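In what follows, a structure is listed as structure tokens, so that the remarks can point back to it.
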Amino acid sequence: MKPFQYQRAGDVAAAVRVVANNPNAAYLAGGTNLVDLMKLEVQSPEVIVDVRELTSNRIELLDDGAVRIGASVTNTDLGSDPLIRERYPVLSEAVLAGASGQLRNLATVGGNLLQNTRCVYFQDPSTPCNKREPGTGCAALTGFQRQHAILGASEHCIATHPSDMAVAMVALDAVVRVQGLDGQRSIPLVELHRLPGDTPQKNTVLERGDLILSVDLPPVPAARSRYLKVRDRASFAFALCSTAAAVTMRDDVIDDIRLAFGGVAHKPWRAVQAEDALRGERATVDAFTAAVEAELAGARAMPGNQFKIPLLRNLVVSTLAELTGVTLP
């Protein structure tokens, strides 16, 4: 690991000024992603600004019924919080599926949203990677592709976003509160992360120095929800495919549905086409299958990850069948 300067800012505004004015500075909260990348010399910030004590570590019920999650809330506290487990079980399940207990004890909500890709080529400085070094190429295009994207990828990058928590939050219409040099603003979480296009090094729409303060979850109607994840081993593995689903029924008709996918795109993928196809429809296996296939119509798989298309379709259909009480054939 290369030498760096460690700082603790006195307040959020001071931390923002340091990072905004220094292109080689980075925020540190739990450090479960950043420190790994520093050890690999994939990222080598000259200045580390510790913000763990600057943002809230509380989960609060707001006057309008929304829930505010401080950026410094640990994944363990989020996944086990009674309010989250009662009102947003899909989020609790996603967090608890995300990592080992030791990592969840240290990782924070803000850091989880901003973790970098776990692509093996991004983490190996000896290989070309447009995300790590723009313009060098994408080794994954002709290499190991099992973990890579089938939706929204480009010729410059086929990496996937690793967060389970973010997938559930996208399905719940979460909003991120951010502070930058010009003050605070709010960003719908579905808009926070970017698709790679020709600038895969830009993971989010955040500006230099922006610091996540909290995540707000809007009030949701009574709904059944689940987060299901397919991975190569039963614990501490990133998703090959995952889905976050919340369904509100009226008799046997889908009154409302929220659906997002993980492990298949450069960002948590909100399945808008599938949602639109299912609202107001009777809950049937045929309806679920048609909706998912419509969402996957634009999928582009590589030889090493073609299995993800039927895997994701089957995962979503079985999840929706469970939530709606439909019997699978």
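Open to solvent by 60 Å² or more (accessible area, probe 1.4 Å), of a type outside the set (Gly, Ala, Ser) and touching a Lys or Arg at 6+ places or on another chain (Cβ under 8 Å), is that true of residue 89?
On the way: open to solvent by 60 Å² or more (accessible area, probe 1.4 Å): no; of a type outside the set (Gly, Ala, Ser): yes; touching a Lys or Arg at 6+ places or on another chain (Cβ under 8 Å): yes.
Here the answer is no, as residue 89 does not meet what is asked.
Can you name the residue in the range 13-55 that is polar (S, T, N, Q) and within 14 Å of residue 111 (Cβ to Cβ) and is also most open to solvent (accessible area, probe 1.4 Å) among such residues? Reasoning before the result, please.
Keep residues of the range 13-55 that are polar (S, T, N, Q), which gives 21-22, 24, 32-33, 43-44, 55.
Okay, now just the ones that are also within 14 Å of residue 111 (Cβ to Cβ), so 32-33, 43, 55.
Numbers: 32: 39, 33: 18, 43: 57, 55: 18 Å².
Among them, the one singled out is 43.
Checking the structure you have, find out if any residue of the range 197-204 is under 26 Å from residue 57 (Cβ atoms), free of Cβ contacts under 8 Å to residues at least 40 places away in the same chain and open to solvent by less than 60 Å² (accessible area, probe 1.4 Å). Walk me through it before giving the result.
If we filter the range 197-204 for residues that are under 26 Å from residue 57 (Cβ atoms), which is where we start, we get 203-204.
Cutting the leftovers down to free of Cβ contacts under 8 Å to residues at least 40 places away in the same chain gives us none.
Within the range 197-204, not a single residue is under 26 Å from residue 57 (Cβ atoms), free of Cβ contacts under 8 Å to residues at least 40 places away in the same chain and open to solvent by less than 60 Å² (accessible area, probe 1.4 Å).
Among (1) modelled with pLDDT of 95 or more; (2) open to solvent by 40 Å² or more (accessible area, probe 1.4 Å), there is one condition residue 71 misses while meeting the rest; what is its number?
(2)
May I ask you to list the residues in the range 274-305 that are without any contact (Cβ under 8 Å) to a residue 60 or more places away in the chain and assigned to a loop (DSSP other than H, G, I, E, B)? Before you say what the answer is, go through the steps one by one.
Initial filter on the range 274-305 (without any contact (Cβ under 8 Å) to a residue 60 or more places away in the chain): 274-295, 297.
279, 280, 281, 283, 284, listed by residue number.
Would you check which residues across the range 205-217 are surrounded by 21 or more Cβ atoms within 10 Å (Cβ to Cβ) and β-branched (Val, Ile, Thr) and list them?
Passing the criteria: 212, 215.
For the range 89-112, what are the residues that are more than 13 Å from residue 166 (Cα to Cα) and in a loop (DSSP other than H, G, I, E, B)? If you could, list the steps in order and put the result at the bottom.
Keep residues of the range 89-112 that are more than 13 Å from residue 166 (Cα to Cα), which gives 89, 99-107.
Once the filter is applied, which keeps residues that are more than 13 Å from residue 166 (Cα to Cα) and in a loop (DSSP other than H, G, I, E, B), the range 89-112 yields 99, 100, 107.
Run residue 2 past the list (1) in contact with a helix residue (DSSP H, G or I) (Cβ under 6 Å, 6 or more places away or on another chain); (2) at pLDDT below 95; (3) in a loop (DSSP other than H, G, I, E, B) and report the number of the one that doesn't hold.
Looking at each condition in turn, residue 2 falls short on (1).
Just to be sure, is residue 120 under 16 Å from residue 239 (Cα atoms) and assigned to a loop (DSSP other than H, G, I, E, B)?
Numbers: under 16 Å from residue 239 (Cα atoms): yes; assigned to a loop (DSSP other than H, G, I, E, B): yes.
Yes: the conditions hold for residue 120.
I'd like the full set of residues that are without any contact (Cβ under 8 Å) to a residue 60 or more places away in the chain, open to solvent by 50 Å² or more (accessible area, probe 1.4 Å) and part of a strand (DSSP E or B), limited to the range 221-257.
Across the range 221-257, the qualifying residues are 250, 255.
I'd like to know if the range 168-177 contains one or more residues that are loosely packed, with under 14 Cβ neighbours inside 10 Å and touching a residue at least 60 places away in the same chain (Cβ under 8 Å).
The answer is no, given that none of the residues of the range 168-177 is loosely packed, with under 14 Cβ neighbours inside 10 Å and touching a residue at least 60 places away in the same chain (Cβ under 8 Å).
Going by what's in this entry, would residue 69 be described as outside any loop (DSSP other than H, G, I, E, B) and within 18 Å of residue 218 (Cβ to Cβ)?
yes
The values are calculated or read from the model by the stated rules, or taken from the named source; none is laboratory data. This is a predicted model, so every value here is computed, not measured. All Cβ positions, even for glycine, are placed from backbone atoms using ideal geometry, and neighbour counts span all protein chains on display. Ligands, DNA and RNA are stripped out before the accessible areas are found, and what is left, the full protein with its side chains, is counted by its heavy atoms. Shrake-Rupley method; radii C 1.70, N 1.55, O 1.52, S 1.80 Å.
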